[in-house]
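The values are calculated or read from the model by the stated rules, or taken from the named source; none is laboratory data. Computed from a prediction, not measured in an experiment: that's the story for all the values here. Please note: Cβ atoms are built from the backbone with ideal geometry, for glycine as well, and neighbour counts cover all protein chains shown. Calculation scope for accessible area: heavy atoms of the full protein, side chains included, ligands and nucleic acids excluded. Shrake-Rupley method; radii C 1.70, N 1.55, O 1.52, S 1.80 Å.
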Number of protein chains: 2
Amino acid sequence: MDKLQMELWFTEKQTPDHGITSKVVRTLHHEETEYQTVDVIETRQFGNMLLLDGMVMTTDKDEFVYHEMIAHVAMNTHPEPKDVLVIGGGDGGAIREVLKYPTVETATLVEIDERVIEVAKTYFPSIAGALDDPRVRIRIEDGIRYVEKAENAYDVILVDSTEPIGPAVGLFKREFYERIFHALRRDGIMVAQTESPWFNRDLIARVYRDIADLFPIARLYTASVPTYPSGLWSFTLGSKVYDPLEVDEIKLHRPETKYYTPEIHKALFALPKYVAELTK
Amino acid sequence: MDKLQMELWFTEKQTPDHGITSKVVRTLHHEETEYQTVDVIETRQFGNMLLLDGMVMTTDKDEFVYHEMIAHVAMNTHPEPKDVLVIGGGDGGAIREVLKYPTVETATLVEIDERVIEVAKTYFPSIAGALDDPRVRIRIEDGIRYVEKAENAYDVILVDSTEPIGPAVGLFKREFYERIFHALRRDGIMVAQTESPWFNRDLIARVYRDIADLFPIARLYTASVPTYPSGLWSFTLGSKVYDPLEVDEIKLHRPETKYYTPEIHKALFALPKYVAELTK
C-alpha cells in the first residue's frame, strides 16, 4: 500500500457560496502588511499564485490574460501614448505590457502597499521584472491622493485595483473617475478593471454609467481569466477623443502577447447579451 | 452564540489539481444508471446542478451559455435548417435552442442514457420542457451507431457530449466525424463541444485538424461558462458550404436568447492568440 501523504488545497470563496480550489505544492510567503495580508503559494495547476487578503490576484499561468487586457486596448487605441499611469497593480504586470509600446517615455506605478511590489519581485520575476525599466517611476502612495494632484499629465491611465472592499473602495467611485478625467490629457484614455459580469452586475452597471457620463466615449469589454471569480472579467474604458472601435487595424502596434492581437481589438466589444445589457 | 450548522459543499476536481466548490442547499437525486452516476444538487450560487459521474453538466443559472452557443452559430449560419440531430444532450437544452428556428421540422435527440432525460424533466423543467414539442423525436441509443445508419439526412448535427472519458470517448474520434459528414446533407453543418482551451489543448487541436480535413470549412469559437473547467469552453464547427464568417448579419434570425445575438455571430471567431494557435 502506498504511503498516505497530506494534501494541501487552497480554497477561495469568491462569493459566500462559490469558489475555486487548487492543489498547493508549498506555501512560499505570508505576511500582514499595513494594508492587507499578502500570501504566495505554489500551486500545481497555475504555478505561483499571489493572494491579497486571501483573494487570487495573479498566477504564473494565467496572468497574461488580465495584464494584457487591462493595457493593450487603451494603449493601442491611443495613437501616441507617452506618459502612462497605473494605479494599483503592484505586481508590475500592467506596467510590463505598457512598456511594449515604443512611444512610452514614462510609466508611473502608484501602489499603496510597497510590500506587494517587493513580494512580486521575489516570487514573480517574469511579471515584476519590468519595474526595473528606466522608464518606470514608482510612487508608494494612495492612488486617489496621487491622482488629485495630477492635471493634464497622462495619455493613458489604468486602474488596476483589488476588489472593491478595504483600501480599494474609493477606486470604484464617481469622484475618482472625475479626478482621472482631469489627470488625463485632452485626448487621454482610461481603463478600469470592473469585476465579474456574473457576480458584480450592479457594480459594472454603475461604473459604466459614471464613466459614460464623464467621457464622450465609454466601452465595456471582457476577458476569460480562469482563476478570477466566474472565470470572466470585465474592463471599462473611458476615452476623450479616440474610439477603440474606430481604429485602423492595419496601423495597430503588434506587441508580443499571448492573448491580445490587433485582429481581436474590435471584436472584444461584441458582448454577449447578458453583458451588453449592463451598458443600457 | 449562534448555533453551528453543517455546511455542505460540492467540489468537482476539474483536473487532478484544480476545481470548483459550491455551497449545497440540498441533494435532490442520486442514482447509478447503466452508464454513469446521475446526481442533482441544489446549490446556492447556481441553482439546480446536474452532475454525471461527479462532473457538472448544467446548472439553472449558467446553462443558457452552453446551450445557446452549441446551437445558434450553426443554426443561424444554415439558411434553412429543417432536420436537426443532437447527439447526447439528454437535458434537452440544445434541442430547446434548435426549436427557436421556424424552419425546423424535426429535432432528433439521440441520448444513450434514458435516465438523464427523465431526471432532467423532473429537476430542470425549463431546460427539458422543450422535449415535449411535437417536432422532437427521442431515440435512446448510442450516438455512434445511430449516425452510422443515417445518410444525407440532416441539415445540422450538434455533438453535445460529456467529457472524453467513458461512453463519450468515441464522440471525439475522427471516424465519428466522418460518419457525421455522411449523415449531413450536401450543405450541412456540424458543431461539437470540444472542452477547455486551458485544460484540453491537445484534444482541441486534434479535433480541429480532423474536422478541417473532412469539411471545406472549419471554425473554432469559445464561450464563457462559469461552472465548466477553466470557465472557458470551446466549440468546433465543420461546414460543407456555408461559412459562419460570410453570413449577412442583417438577415440572421433573432432568437430569444441571453447570450447569443446576431451582432456577436462573427466576432465569436476572433480568438485570443493562445486559442487561435490551436487551429494552426
Relative contact order of segment A:165-257, defined on C-alpha pairs under 8 angstrom at six or more residues apart (%): 31
Cross-link reach list, aspartates and glutamates versus B:Lys273, counting only Cα pairs under 19 Å and skipping chain neighbours closer than eight places: A:Asp60, A:Asp62, A:Glu63, A:Glu68, A:Glu97, A:Glu249, A:Glu256, A:Glu263, B:Glu195, B:Asp202
Förster radius 51 Å - calculated FRET efficiency between A:Lys3 and B:Glu249, Cβ distance, rounded to 0.05: 0.25
Between B and A, accessible area buried - total, square angstrom, nearest 100, 1.4 angstrom probe: 3100
Neighbourhood net charge (9 Å Cβ-Cβ; Lys/Arg +1, Asp/Glu -1) for B:Leu52: -4
Under the Karplus curve 6.51 cos²θ - 1.76 cosθ + 1.60, θ = phi - 60°, whole-Hz ³J(HN,Hα) for segment B:228-238, x wherever Gly or Pro sits: 9, x, 6, x, 10, 10, 10, 9, 10, 10, x
Prolate/oblate/rounded label for segment B:193-280 (Cα gyration tensor, a/c 1.5): oblate
Interface residues, segment A:244-280 - accessible area loss of 10 Å² or more versus chain alone, probe 1.4 Å: A:Thr257, A:Lys258, A:Tyr259, A:Thr261, A:Ile264, A:Ala267, A:Ala270, A:Leu271, A:Pro272, A:Lys273, A:Tyr274
Potential extension, B:Asp202-B:Glu105 segment - 0.36 nm per residue separation minus Cα distance: 31.2 nm
Selected from B:Leu214, B:Leu28, B:Leu131 as most flexible by GNM, with chain B as the system and alpha-carbon contacts under 10 Å: B:Leu28
Cubic angstrom per residue, convex hull over Cα atoms of segment B:8-59: 73
Accessible area (Å², per residue) of chain A, counting only protein heavy atoms and a probe of 1.4 Å: 40
Estimated vicinal HN-Hα couplings, Hz - segment B:158-169 in sequence order (Karplus 6.51, -1.76, 1.60; Gly, Pro = x): 10, 9, 9, 8, 7, 4, x, 9, x, x, 8, 3
Carbon + sulfur, % of accessible area of chain A - ligands and nucleic acids excluded, 1.4 Å: 47
Karplus (6.51, -1.76, 1.60) ³J(HN,Hα), θ = phi - 60°, over segment B:11-27, in Hz, Gly and Pro reported as x: 10, 10, 6, 6, 9, x, 10, 7, x, 10, 9, 9, 6, 9, 7, 7, 8
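Tell me the relative contact order for segment A:8-57 as a rounded percent, counting alpha carbon contacts under 8 Å between residues six or more apart. Display every interim value, and only then the final one.
Working: 92 pairs, mean separation 13.7, N = 50.
That works out to 27 percent.
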Pair-distance profile P(r), taking every C-alpha pair of chain A, with 5 angstrom steps and integer %: 1, 6, 13, 17, 20, 18, 13, 7, 3, 1, 1, 1, 0, 0, 0
Lys, Arg +1 and Asp, Glu -1 on Cβ, resulting dipole of the protein assembly as shown about Cα centre, debye, nearest 20: 900
Antiparallel content of DSSP bridges confined to chain A, in %, to 5: 65
Segment A:63-279 - percent relative contact order, Cα under 8 Å, separation 6 or more: 21
At least 50 Å² accessible surface lost relative to isolated chain, residues of segment B:1-46 (1.4 Å probe): B:Trp9, B:Asp17, B:His18, B:Thr21, B:Gln45
Kirkwood hydrodynamic radius of the protein assembly as shown, from inverse mean 1/r over distinct Cα pairs, in Å: 24.8
